[in-house]
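To start, the structure under review is shown below, and the notes come after it.
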Amino acid sequence: MGEKPELVLFHADSETQRLCHVLAKDLGLALSIAEAPETVLTILRSSRVAAVLIDSNSCGDYLALVSAIKYASSRTDVIITERDAGVAAAVSAIKAGAFDYLAKPVAADVLRPALLEILERHRRYQPAVIPFYEVERQAIFTAMAESGGDKMAAARLLKIGKTTLYRKLKEYERNGRESDQTSGASGHGKP
């Protein structure tokens, strides 16, 4: 099936590390321990990180780290743990992008369901990004409509040269014809 999803611990105390080791083994997660924020971000770039668990009591600006993690990987969820957890801190963490905020000591019956939900979200993850070629195509056809079919005006709206616009339109027309021919259509429609 490939690489295991990974759980990264950042500044977790020994009790939380032991619990995470047991749960990671039970849930089929790889487990890494990071000692610096830069290490967390490096691990994010090099593996399939499903979750990062951060102990806010021993991490300076943990909210900045949450934001950096979410910026680096929208697919990765973050769990914050804190002794004497408060509502205001929990709200701030969730607003920064954390998935969950747990009071320490963390209990297995609280962490396990959170990790299961994260694993399911990780498995089902679909990026919500429109491919660039489609964004470009939509922009060109919108500019053509806005300009009433005037290619020079459309090029000005798009802030591109007329040659680039003509080339793109020919490309879309050619791709449209190829698509029509493979689907059995006449191939004479507009792109």
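Show that you can apply the helix-only estimate: for the chain, add -39,500 (n - 2.57) for every DSSP H stretch of four or more residues, divide by all residues, and state [θ] at 222 nm to the nearest 500.
-18000 deg cm²/dmol
Dipole of segment 118-160, Cα-centred, from +1 at each Lys and Arg C-beta and -1 at each Asp and Glu C-beta, to the nearest 20 debye?
Roughly 180 debye, rounded to the nearest 20.
Where a ≥ b ≥ c are the square roots of the eigenvalues of the C-alpha gyration tensor, would you call segment 74-135 rounded, which needs a/c under 1.5, or, failing that, prolate if a/b is larger than b/c, or oblate?
Oblate, since a/c reaches 1.5 and b/c is not below a/b.
Cut-off under 26 Å on the C-alpha distance; same-chain residues fewer than 8 positions from residue 162 excluded. Which lysines are left, in chain and number order?
151, 170, 190
On a full-extension model of 0.36 nm per residue, what is the gain between residue 163 and residue 4, subtracting their alpha-carbon distance, rounded to one decimal in nm?
Full extension from residue 163 to residue 4 adds 52.4 nm.
Could you name the lysines whose alpha carbon sits less than 26 Å from that of residue 4, not counting residues in the same chain fewer than 8 places away?
Within reach: 25, 70.
Out of the total accessible area of the chain (probe 1.4 Å, heavy atoms of protein only), what percent is carbon and sulfur?
For the chain, the apolar C and S fraction of the accessible surface comes to 54 percent.
Given charges of +1 on the Cβ of Lys and Arg and -1 on the Cβ of Asp and Glu, with all other atoms neutral, how large is the dipole of the chain about its Cα centre, in debye to the nearest 20?
1100 debye
Give the Kirkwood hydrodynamic radius (Å, one decimal) of the chain, defined as one over the mean of 1/r across all pairs of different Cα atoms.
For the chain, inverting the mean 1/r across all distinct Cα pairs yields 20.0 Å.
Over segment 1-83, give the accessible area per residue in Å² for a 1.4 Å probe, as an integer.
Per-residue accessible area for segment 1-83 comes out at 48 Å².
May I ask which residue of 22, 131, 53 lies farthest towards the positive end of the charge dipole of the chain, with charges of +1 (Lys, Arg) and -1 (Asp, Glu) on Cβ and the Cα centre as origin?
131
Under unit Cβ charges (Lys, Arg +1; Asp, Glu -1), what dipole magnitude, rounded to 20 debye, does segment 1-68 have relative to its Cα centre?
Charge dipole, segment 1-68, about its Cα centre: 280 debye, nearest 20.
Report the FRET efficiency, 1/(1 + (r/R0)^6), for residue 64 and residue 135, where r is their Cβ-Cβ distance and R0 is 22 Å, rounded to 0.05.
After rounding, the FRET efficiency stands at 0.10.
I need to check one value: relative contact order of the chain, counting alpha carbon pairs closer than 8 Å and at least 6 residues apart, in percent.
Computed over the chain, the figure is 15 percent.
Is the shape of segment 1-109 best called rounded, prolate or oblate, per the rule: a/c under 1.5 gives rounded, else a/b larger than b/c gives prolate, else oblate, with a ≥ b ≥ c the square roots of the Cα gyration tensor eigenvalues?
Verdict is oblate for segment 1-109.
Just flag the trypsin sites (Lys or Arg not before Pro) in segment 43-118 sitting in loop per DSSP whose Cβ has no more than 14 other Cβ atoms within 10 Å.
83
The values are calculated or read from the model by the stated rules, or taken from the named source; none is laboratory data. Just so we're clear, the structure is a prediction, and the values are computed from it rather than from any experiment. Every residue, glycine among them, receives a Cβ derived from its backbone with ideal geometry; neighbour counts consider all protein chains shown. All accessible areas refer to the heavy atoms of the entire protein, side chains included, with ligands and DNA or RNA removed. Shrake-Rupley method; radii C 1.70, N 1.55, O 1.52, S 1.80 Å.
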